[in-house]
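Structure record follows, encoded as C-alpha cells.
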Amino acid sequence: MADGPVLRVLFRVHLWISARLMPVLVGRRDFESVLKLAPLQSPAPYRDLPWPYIVHRVNRAVRHPWLMRDRRCLREGLLGFRFLRMAGLDPELRFGVDARSMHEPRLSAHCWVCLDGKPVVSDSQPGMVEIYRHPARMKAPAA
C-alpha cells in the first residue's frame, strides 16, 4: 500500500489507540515485561510512511499525558520504537540513568529512540549515563 491518505488515517487511528492503551499495558510491570511492548520483530504495515512523519505523530499523540505523567519518556519511547519498527526501520530504544540520582531514594531514569545512532524521539538529557540499548533486531552471537 503506497503512502496515501488511507494509510495515514489507519496509522493515526492505530497510534491513537496504542497511546491510550499504553498506560494500562505498562501498569506496574517489571522492566523485562515492559520491553515486550517494544518487539524486536514486527510486521511493517507502515513501510511507506516517512520516519519524520511517524516521529511527529508520536510526539503529538503523547503531548498531553493524563496517565504516565511521571514516565512520559517511556510512553514516547515505546510508541516511537514500536511504530518505527512497523515502518520497517531499525530503531534503538536507549535507557539512561542520571548519575546524580544514584544515591537518592528515587532513581531518575530516561529513555529515547535513535535511528542510525541519532536521537529522533526525545534525547539523552545532560548527566544521563546510558545503561541499556534495546536493539532493533536480534543479532547472531559471535563465533
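The values are calculated or read from the model by the stated rules, or taken from the named source; none is laboratory data. Just so you know, these numbers come straight off a predicted model, no measurement behind them. Reconstructed Cβ throughout: ideal geometry from the backbone, glycine too, with neighbour counts over all protein chains shown. Accessible surface is based on the protein model in full, side chains and every heavy atom, while ligands, DNA and RNA are left aside. Shrake-Rupley method; radii C 1.70, N 1.55, O 1.52, S 1.80 Å.
What the table shows:
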item	result
Cβ pairs under 8 Å, 6+ apart, first in the range 10-21 and more than 14 Å from GLY77 (Cα to Cα), second aliphatic (A, V, I, L, M) and surrounded by 15 or more Cβ atoms within 10 Å (Cβ to Cβ)	PHE11/LEU49; PHE11/ILE54; TRP16/ALA61
For GLY88: the one exception among (1) at pLDDT below 90; (2) open to solvent by 20 Å² or more (accessible area, probe 1.4 Å); (3) closer than 22 Å to HIS14 by Cα; (4) small (Gly, Ala, Ser)	(1)
Selection within the range 1-15 - in a helix (DSSP H, G or I), hydrophobic (A, V, I, L, M, F, W, C) and open to solvent by 70 Å² or more (accessible area, probe 1.4 Å)	VAL6, VAL9, LEU10, VAL13
The one condition in (1) of a type outside the set (A, V, I, L, M); (2) free of Cβ contacts under 8 Å to residues at least 12 places away in the same chain; (3) surrounded by 13 or more Cβ atoms within 10 Å (Cβ to Cβ) that ARG106 fails to fulfil	(3)
The listed residue being exposed (fewer than 14 other Cβ atoms within 10 Å of the Cβ) and either farther than 22 Å from CYS111 by Cβ or not charged (D, E, K, R) (or both), out of SER33, SER18	SER33
Subset of the range 1-11 [of a type outside the set (Gly, Ala, Ser) and over 16 Å from the mean Cα position of the chain (by Cα)]	MET1, ASP3, PRO5, VAL6, LEU7, ARG8, VAL9, LEU10
Residues of the range 113-132 classified as open to solvent by 60 Å² or more (accessible area, probe 1.4 Å) and closer than 14 Å to ASP90 by Cβ, total	2
Any chance ASP98 is open to solvent by less than 60 Å² (accessible area, probe 1.4 Å) and touching a strand residue (DSSP E or B) at 6+ places or on another chain (Cβ under 8 Å)	yes
Condition check for VAL55: over 19 Å from GLU130 (Cβ atoms), open to solvent by 40 Å² or more (accessible area, probe 1.4 Å) and of a type in the set (Val, Ile, Thr)	no
Residue ID - modelled with the highest pLDDT, chosen from residues in the range 58-72 that are surrounded by 14 or more Cβ atoms within 10 Å (Cβ to Cβ) and not aliphatic (A, V, I, L, M)	ASN59
Qualifying residue in the range 64-80 (condition: among the basic types (Lys, Arg) and either touching a His at 6+ places or on another chain (Cβ under 8 Å) or over 16 Å from LEU37 (Cβ atoms) (or both))	yes
